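Report on the following structure.
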Amino acid sequence: MDTRSKIVNPEAAPHACTVVTGAFDLVLAADARELAEIRARYPDRPLLVVVLPLPGSLLPERARAELVAALRMVDYVVTANDAAPDALLAWLEPSHLVRLEAAQAERKRQLMEHVHRRQTS
C-alpha cells in the first residue's frame, strides 16, 4: 500500500479500530516495536494512529504522519490538527485505545540527554 494513501481525514477513517495516539516527533525503534506489539495484541482490528499536535515539534505534523504511515503495521493515520483530540477520539469510536504520548515524551527526553552527554564528553 502506498504510504500516502494511509493518511486519511477523520471522516474517511474506519470506526472500531485499534487507535494509538502519540506525537511521533521522533519515530524510534522502540515506537515501531510498541506498535507491532499493539498490532499483534489486536490482530482482528485495523491499526489507526492519531498524530497529535505538538507545539515546538522537531518535524511538521504532515512529516510526522508520513513517518508513521511508512510503518508496515500501521493501516491508517489521522492527524489531529487543531481539533480537540478527545472529540476526535469520540468520533473514531475505537475498539481499543492506546495512548503513547507519555512514553514517547520520555523516550525523546532520554535520547536528547544521551546526545547532549555524548557531545560534552
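A few remarks follow.
- Computed on protein heavy atoms with a 1.4 Å probe, the accessible areas place LYS6, LYS108 in the order LYS108, LYS6, largest first.
- Sum of -39500 (n - 2.57) over DSSP H runs of 4+, divided by residues of the chain (222 nm, nearest 500): -13000 deg cm²/dmol
- Extension gain from ALA102 to ASP2, taking 0.36 nm per residue of separation minus the Cα-Cα distance: 33.0 nm
- ARG107 contributes an accessible area of around 50 Å² to the protein surface, as traced by a 1.4 Å probe with all chains present.
- In the stretch 15-69, the portion of solvent-accessible area held by carbon and sulfur atoms comes to 60 percent [1.4 Å probe, whole percent, DNA, RNA and ligands not counted].
- Structure-derived Cα Rg over 2.2 N^0.38 Å - corresponding label in [x] 1.13; [y] 1.07; [z] 0.91: [y]
- Other-chain or far-sequence residues with amide H under 5 Å of ILE7's (modelled H): VAL77
- For the stretch 1-94, the relative contact order is 42 percent, taking Cα pairs closer than 8 Å that sit 6 or more residues apart in sequence and dividing their mean separation by the residue count.
- Cα-based helix-to-principal-axis angle, 101-120 vs the chain, degrees rounded to 10: 20 degrees
- Listed values for the stretch 25-32 are Karplus-derived 3J(HN,Hα) couplings in whole Hz (6.51 cos²θ - 1.76 cosθ + 1.60, θ = phi - 60°), namely 5, 10, 10, 9, 4, 5, 5, 4, and x replaces Gly and Pro.
- With a Förster radius of 41 Å applied to the C-beta separation of HIS114 and ALA87, the computed FRET efficiency comes to 0.65.
The values are calculated or read from the model by the stated rules, or taken from the named source; none is laboratory data. The structure presented is a predicted model; accordingly, all values stated were derived computationally and were not measured. Don't worry about glycine lacking a Cβ; one is built from the backbone with ideal geometry, like all the others, and counts go over all protein chains shown. To get the accessible areas, we keep the full protein, side chains included, count just its heavy atoms, and leave off ligands, DNA and RNA. Shrake-Rupley method; radii C 1.70, N 1.55, O 1.52, S 1.80 Å.
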